[in-house]
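Working notes, beginning with the structure itself.
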Amino acid sequence: MRSENIRQILFGLGIVGIQTILLKHLEIFGAEADLVLVFLLWICTKRPKTDALLFAAFLGFLQDAMTDLWGLHMFSKILLVFILHAYLNRISKTRFIFWQVFVIILSAAFLHNVIFYGVSLFSGLYTSGAILWSLLLVSPLFTAIVGSFLHLVREDS
């Protein structure tokens, strides 16, 4: 079990690296896919709640450190895992078709971005209306497309 923990931590570090180096520059209407969120949703289906919360805190902190948004990603990802873990863990034994995975990731990404936007209101970081629509509509859609594609090409283990 210890080697699997190390493997998933290293995989998470790679995901954060891909998110900050590659996906930061692949924007559609000012929105980007959140690959870290897709990875955390996968962690919620495979690991207990405490482990998933620790992964969310660690990866959210790293994502905040790379994007200079101290605390926003970490808080929103921890709260999302806290809210959705029981549901995702319960449905993890079910085999889903493409559109079901798309809807689950879309709703989780929308909830994450609502939390993210709500927390960012305290700092006044995102006050433009265009950013609101980009964050609440385009970004969850882009994240759901990327996550659904990864669901299609994944290996069953």
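The values are calculated or read from the model by the stated rules, or taken from the named source; none is laboratory data. Keep in mind that this is a model prediction, so the values were computed, not measured. Cβ atoms come from the backbone with ideal geometry, glycine included; neighbour counts cover every protein chain shown. Each accessible area value is taken on the protein alone, full model and side chains, heavy atoms only, with ligands, DNA and RNA left out. Shrake-Rupley method; radii C 1.70, N 1.55, O 1.52, S 1.80 Å.
Heavy-atom accessible surface of the chain, averaged per residue, reaches 57 Å², computed with a 1.4 Å probe. Amide H to amide H, with H built 1.01 Å from N, Ala31 comes under 5 Å of no residue 5 or more places away or on another chain. Nonpolar atom fraction for segment 16-157, defined as the carbon and sulfur part of the 1.4 Å probe accessible area, stands at 72 percent. Kirkwood radius for segment 1-71, taken over all pairs of different Cα atoms as the inverse mean of 1/r, rounds to 12.7 Å. The stretch between Ser107 and Phe11 holds 32.1 nm of extra length on full extension. This uses 0.36 nm per residue minus the Cα-Cα distance. Counting only DSSP H runs of at least 4 residues, each contributing -39500 (n - 2.57), and dividing by the residue count of the chain, the helix-based mean residue ellipticity at 222 nm comes to -24500 deg cm²/dmol. Between the listed residues Leu111, Val138, Val101, the Cα displaced farthest toward the positive end of the dipole of the chain, a dipole computed from Cβ unit charges relative to the Cα centre, is found at Val101. Considering all C-alpha pairs of the chain, those separated by over 19 Å amount to 52%. Screening the chain for whole DSSP H helices of 27 Å or more along their axis (Cα) with average Kyte-Doolittle hydropathy at least 1.0 returns 72-90, 98-123. Scaled against 2.2 N^0.38 Å for its residue count N, the alpha carbon radius of gyration of segment 80-133 is 1.44. Note that segment 36-104 shows a convex hull volume over its alpha carbon atoms of 79 Å³ per residue.
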